[in-house]
1. So, in region 173-219, of the ones that are open to solvent by less than 30 Å² (accessible area, probe 1.4 Å) and away from the ligand (no atom under 16 Å from the Cβ), which residue ends up nearest to the chain's Cα centre (by Cα)?
2. Which ranges mark the strands (runs of 3 or more DSSP E) fully within region 223-299 that have 1 or more residues being closer than 25 Å to Ala174 by Cα, touching a Leu at 6+ places or on another chain (Cβ under 9 Å) and of a type outside the set (D, E, K, R)?
3. Determine, yes or no, whether Ala88 is within 21 Å of the chain's Cα centre (by Cα) and open to solvent by less than 40 Å² (accessible area, probe 1.4 Å).
4. So in region 396-411, with the set limited to residues that are in contact with a strand residue (DSSP E or B) (Cβ under 8 Å, 6 or more places away or on another chain) and either free of Cβ contacts under 8 Å to residues at least 40 places away in the same chain or buried (at least 23 other Cβ atoms within 10 Å of the Cβ) (or both), which one is farthest from Glu12 (Cα to Cα)?
5. Give the residues of region 93-109 that are of a type in the set (S, T, N, Q) and near the ligand (Cβ under 8 Å from one of its atoms), sorted by residue number.
6. Give Ala356, Ala383 a once-over and let me know the one that is assigned by TED's automatic domain parsing to the domain that holds Pro19, of a type outside the set (Asp, Glu) and assigned to a helix (DSSP H, G or I).
7. Can you tell me which condition Arg318 does not meet? The list is (1) in the same structural domain as Val95 (by TED's automatic domain parsing); (2) free of Cβ contacts under 8 Å to residues at least 40 places away in the same chain, and all the others hold.
8. When only residues in region 220-240 that are within 10 Å of the ligand (Cβ to nearest atom) and surrounded by fewer than 23 Cβ atoms within 10 Å (Cβ to Cβ) count, which is nearest to Trp297 (Cα to Cα)?
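The values are calculated or read from the model by the stated rules, or taken from the named source; none is laboratory data. This one's a predicted model, so the numbers in the text were calculated from it and none came from an experiment. Because the Cβ atoms are built from the backbone with ideal geometry, glycine has one as well, and the counts that use them run over all protein chains shown. These accessible areas exclude ligands, DNA and RNA; they are computed on the full protein's heavy atoms, side chains included. Shrake-Rupley method; radii C 1.70, N 1.55, O 1.52, S 1.80 Å.
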Amino acid sequence: MSSMTYRDFDIETIRAEFPILQRQINGKPLVYLDNAASAQKPEAVISAMADQARTAYANVHRGLHTLANETTDRYEQARKSVQTFLNAPSEKNIVFTKGATEGINIVAAGLAETIQPGDEIILSVMEHHSNIIPWHFLRERCGAVLKWIELTEEGGLDMAALEAAIGPKTRLIALSHMSNVLGTVNDVKKITALARAAGVLTLIDGCQAVVHLDLDMIDLDCDFYVFSGHKLYGPTGIGVLYGQTEALEALRPFQGGGEMIETVSREAVTYNELPYRLEAGTPPILEAIGLGAAIDWFSTFKLKDIQAHEDALYAHAREGVSAINGLKIYGETADKGPVMSFSLIGAHPHDISQIADKYGVALRAGHHCAQPLMSYMEVSATARASFGIYNTHKEVDNFIEALEKACKMLV
Ligand SMILES: Cc1ncc(COP(=O)(O)O)c(C=O)c1O
């Protein structure tokens, strides 16, 4: 992609592309710091979906009429955009799903018949529930054993413990690329190398990483990688399961129907080729086109510019909150995305979030779908600010001011 010309990173131009940023919340300009839960959508995504619905909508793949062909072309172009974005070997390695959660469930269900009692699945305590519960299903249904890797003091993955946990019964390592609570970035390349040497499959949950890190599937060499469109400035209802060809082919289809078949008779069914054999039923067509538009839009920027901007916002916020007495940050590794989870002595995270909302600042508070991590950190919940491409330094100031007000009221 080095021959590509990128846009200048101009924050005001970027913000003008997000209609929702015009909103006022409780009489104050919206400061949206809940990007790790779901990001806002630029006009490029909104209009790609609306234009398709207005001008060229039909079901994909099955028709021979013009609208069906045009829609199929756009849908498959979106798959091509994902393939290029991930540097995946082929479009066949890109399965559209309804989100990261569905992608992980497709892998777990697809592997179920191959799991014997006592087979081990390695996870970490920083995983999102979406990368825990499908493996609990295999524990409940197939007798799989879940092995949990704990963290370093700074909130990094204990790599020595991971290495020691891999043994002859290990079948799969399932880890997040970047934690949605701690922001910790895991060394996926090192992990997949360890796994490959031991003949173990790897599934990487890229839900948070996809919007902050440079992704190269060939280089990372994981067997499976999943993410959701809605955190990448795209729509909900669409996500991606990337898999190496052999790994995807080894999965038994999770759902039946629609395009996933080659032939069906009263006696038997034969399955379509990849990626269609894992895409049962009418797919989320407009959502896939929206995701393609989001990736095309996102890719007009130099990733380094986005990273530098978000890192600077995080550093500014980190500096600002350091003056607040009793505030504790969770996750302080050197390699960390722009996510700040914190608690404040004497204040419940839900109250912090409610007070911040009065000042227009959208924070998340709760367990962030990471209860094993919460119990590991001995808290029931944290508050979280997560930064995205359109956030500004003025907004970081608003966030700090809102926190100071929350402190005065609660502590
Ligand atoms: C790290 C991580 N994994 C998985 C998910 C689940 O994503 P979705 O609900 O879009 O399937 C999330 C969403 O917050 C996440 O942050």
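1. Among residues in region 173-219 that are open to solvent by less than 30 Å² (accessible area, probe 1.4 Å) and away from the ligand (no atom under 16 Å from the Cβ), the one nearest to the chain's Cα centre (by Cα) is Met217.
2. On the way: elements: 224-228, 239-243, 261-264, 269-271.
Per the criteria, 224-228, 239-243.
3. On the way: within 21 Å of the chain's Cα centre (by Cα): yes; open to solvent by less than 40 Å² (accessible area, probe 1.4 Å): yes.
Yes; evaluated as a whole, the condition is true for this residue.
4. Residues of region 396-411 in contact with a strand residue (DSSP E or B) (Cβ under 8 Å, 6 or more places away or on another chain): 398-399, 402-403, 406-407, 410-411.
Remaining after also requiring either free of Cβ contacts under 8 Å to residues at least 40 places away in the same chain or buried (at least 23 other Cβ atoms within 10 Å of the Cβ) (or both): 399, 402-403, 406.
Working: Phe399: 19, Ala402: 23, Leu403: 25, Ala406: 29 Å.
Looking at the filtered set, the residue picked out is Ala406.
5. Applying the first criterion (of a type in the set (S, T, N, Q)) to region 93-109 yields 93, 97, 101, 105.
Within region 93-109, Thr101 is the sole residue that qualifies.
6. Numbers: Ala383 fails: assigned to a helix (DSSP H, G or I).
Result of the check over Ala356, Ala383: Ala356.
7. Of the numbered conditions (1) in the same structural domain as Val95 (by TED's automatic domain parsing); (2) free of Cβ contacts under 8 Å to residues at least 40 places away in the same chain, the odd one out for Arg318 is (1).
8. Filtering region 220-240 for residues within 10 Å of the ligand (Cβ to nearest atom) gives 226-231, 236-239.
Then drop every residue that is not surrounded by fewer than 23 Cβ atoms within 10 Å (Cβ to Cβ), which leaves 236-237.
On the way: Thr236: 17, Gly237: 19 Å.
So, considering only residues that are within 10 Å of the ligand (Cβ to nearest atom) and surrounded by fewer than 23 Cβ atoms within 10 Å (Cβ to Cβ), the one nearest to Trp297 (Cα to Cα) is Thr236.
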